[in-house]
1. Here is a list: A:203, A:207, A:247, A:225. Which entry is within 30 Å of residue A:129 (Cα to Cα) and outside any helix (DSSP H, G or I)?
2. Of all the residues that make up the stretch B:126-148, how many are more than 14 Å from chain A (Cβ to nearest Cβ) and either in contact (Cβ under 8 Å) with a residue 24 or more places away in the chain or in a loop (DSSP other than H, G, I, E, B) (or both)?
3. Would you pick out the residues in the stretch B:106-115 that are more than 7 Å from chain A (Cβ to nearest Cβ) and farther than 19 Å from residue B:183 by Cα?
4. Among (1) more than 14 Å from every other protein chain (Cβ to nearest Cβ); (2) within 21 Å of residue B:232 (Cα to Cα), which single condition is residue B:72 missing?
5. Could you look through the stretch B:1-17, keep only residues that are in contact with a helix residue (DSSP H, G or I) (Cβ under 8 Å, 6 or more places away or on another chain) and surrounded by 19 or more Cβ atoms within 10 Å (Cβ to Cβ), and pick out the one that is farthest from residue B:88 (Cα to Cα)?
6. Mind checking whether some residue in the stretch A:38-51 is under 22 Å from the mean Cα position of the chain (by Cα), closer than 30 Å to residue A:186 by Cα and touching a residue at least 12 places away in the same chain (Cβ under 8 Å)?
7. Which fully enclosed helices (runs of 4 or more DSSP H) of the stretch B:266-349 have 1 or more residues being at pLDDT 80 or above?
8. Does the stretch B:112-125 hold any residues that are touching a strand residue (DSSP E or B) at 6+ places or on another chain (Cβ under 6 Å) and assigned to a loop (DSSP other than H, G, I, E, B), and which are they?
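The values are calculated or read from the model by the stated rules, or taken from the named source; none is laboratory data. What you are looking at is a predicted structure, and each value in this text was computed from that prediction instead of being measured. Cβ placement follows ideal geometry from the backbone for every residue including glycine, while neighbour counts extend to all protein chains displayed.
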């Protein structure tokens, strides 16, 4: 230690050492991405082509068909005329204000991100519920994923895969997946012990317990997790637009840099409208399908 | 007696980090509290030995924390013992692997739970059919069978409701029919009626007894209620702090409690409701078997008693007094036994509960004849014997000590 006044200033590590560490890590990661980047990219190719196909489908389909299909889905999920009318009105307004294409792009990436999150998240949640060790490993990882500023994990993703849809998708999934994992875990752990014991006593094996008892009883909680995941994915759209994800986020980004207040507001409202539709429809669906689970404690 | 259906021997259960390590201390007889204090392990069950016969209702009773619910979970290995052997129909349950254990649970034993353990996302009929579904039975078949059981327990018309829509008693009927639906020979009932209010509870007890008369299952019944145990149990085992303190038939437990713990239990029991006529009656001392009145009077005089029960080849006929016999002999118009000679005395059944026959006993000046369903005279029920039942119940402990001493 060269300086002796460590009492007044923190005894930091030498600047040169720190620089060396940074350099070494950056270099190693750059090497790694140069070496394996393409391989990893090709691994995601099927997902990319699906994403592109889905986006094209939404954009090339005549708008009135898209409106009709969306409204039908909302109605099927919620069985509410009010919400379905709201869906028609908001989609028409979005189109009228010239945001149709961007909205379709956002819709497609949100749909795919949610699907990926569910497909990955629910099995991870189940594994966590089964083993305390898995839970103790996964929980801190989820904490990091949720608290780490999104920009920070954009850097390695972009270094590895460049700019585009797939890095955007990965960033959104990392940000949005924790709720579905956490709530799947919680939901399964909260399943009434006696009901599970009854299933075991009647000779149910692991699979029968999982599909017949645990998942159905955890469903309200899991649905809440999926709902949260959708909301977080939507809120991530703006940040993802920084790395080339097209959609409603890009005009927002543009209006920040150029101070276009109205443009930002309109696109912001479009995101809010999508969020409300997703949220209300999925919650109404969960509520309807799990109606008889509600007041089990009878007397 | 044939080989017992269920046999449990040397069963120990210790809860804690490393149960095996404290087994030695437990076996040496260290108390539960000392084990907990010294090793941070809880002794759940200690050296349990039980034998259950086919077709009986075996009640395990104890207060909360006595280990009874832990014990019943060993029968189908919802809990694994620390040490011990569990034999069911000659199968060593401890040796079964996961797959075989699942098969065993599907076919041999079914269970009814205290808080019902019904699946709230399934309709009533789907709940009842659950055991069959697990076995892999086709849907139409299993629903049909489940429906039959629902009808049997009196829940016809409720099949498409969800459990939450039913009252507690109805929910437990669903639980019971779910257990019966698999046709398992052994029924485990873990405080099955404890969560129900008293009226529904006694209704369910009646239903269980009624069903058992038809089905002849082997039932292991857990309860903390001695009245319930005495009412439905063929045999009762009493558990205290994980140790079996007494096993026996209801009246053995009532009349000879093994220690102070059991005695304290027995004290509050309504004995008149728990005991049957059989257990307190005496063999009939005074009986006459004569064909004619004259012979009867002769026999009566030799008995040196002023009344007797008249029994012929067709069984019990009635109660006659020396006085009425004498009158009949004196009266020339009467030559044979007729209804006029017999006193009006009600006969009681040997398996009648004392409580039900108290009015008859008290209003009659003679000992009541105990006559079974075939008409055979089984014994006589003295008024004093009935009165004693109540006296014993309220007996002063000091008095009992004196009695023992003398």
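1. Details: A:207 fails: outside any helix (DSSP H, G or I); A:247 fails: within 30 Å of residue A:129 (Cα to Cα); A:225 fails: outside any helix (DSSP H, G or I).
When all the criteria are applied, what remains is A:203.
2. Step one: list which residues in the stretch B:126-148 are more than 14 Å from chain A (Cβ to nearest Cβ), which gives B:138, B:140-141, B:143-145, B:147-148.
Restricting the remaining residues to those that are either in contact (Cβ under 8 Å) with a residue 24 or more places away in the chain or in a loop (DSSP other than H, G, I, E, B) (or both) gives B:138, B:145.
Total satisfying the criteria: 2.
3. In the first step, residues of the stretch B:106-115 are kept if they are more than 7 Å from chain A (Cβ to nearest Cβ); the result is B:107-109, B:112, B:114.
The answer is B:114, and nothing else.
4. Single failed check for residue B:72: (1).
5. We begin by selecting, within the stretch B:1-17, every residue in contact with a helix residue (DSSP H, G or I) (Cβ under 8 Å, 6 or more places away or on another chain); these are B:6, B:8, B:11-14, B:16.
Filter once more, so that each one left must be surrounded by 19 or more Cβ atoms within 10 Å (Cβ to Cβ): B:6, B:8, B:11-14.
Working: B:6: 5, B:8: 9, B:11: 14, B:12: 18, B:13: 19, B:14: 22 Å.
Filtering first and then ranking leaves B:14.
6. Yes, some residue in the stretch A:38-51 is under 22 Å from the mean Cα position of the chain (by Cα), closer than 30 Å to residue A:186 by Cα and touching a residue at least 12 places away in the same chain (Cβ under 8 Å).
7. Numbers: elements: B:271-274, B:277-280, B:293-303, B:322-330.
Of the helices (runs of 4 or more DSSP H) lying wholly inside the stretch B:266-349, those with at least 1 residues that are at pLDDT 80 or above span B:277-280, B:293-303, B:322-330.
8. Initial filter on the stretch B:112-125 (touching a strand residue (DSSP E or B) at 6+ places or on another chain (Cβ under 6 Å)): B:112-114.
B:113, B:114 - these are the residues of the stretch B:112-125 that are touching a strand residue (DSSP E or B) at 6+ places or on another chain (Cβ under 6 Å) and assigned to a loop (DSSP other than H, G, I, E, B).
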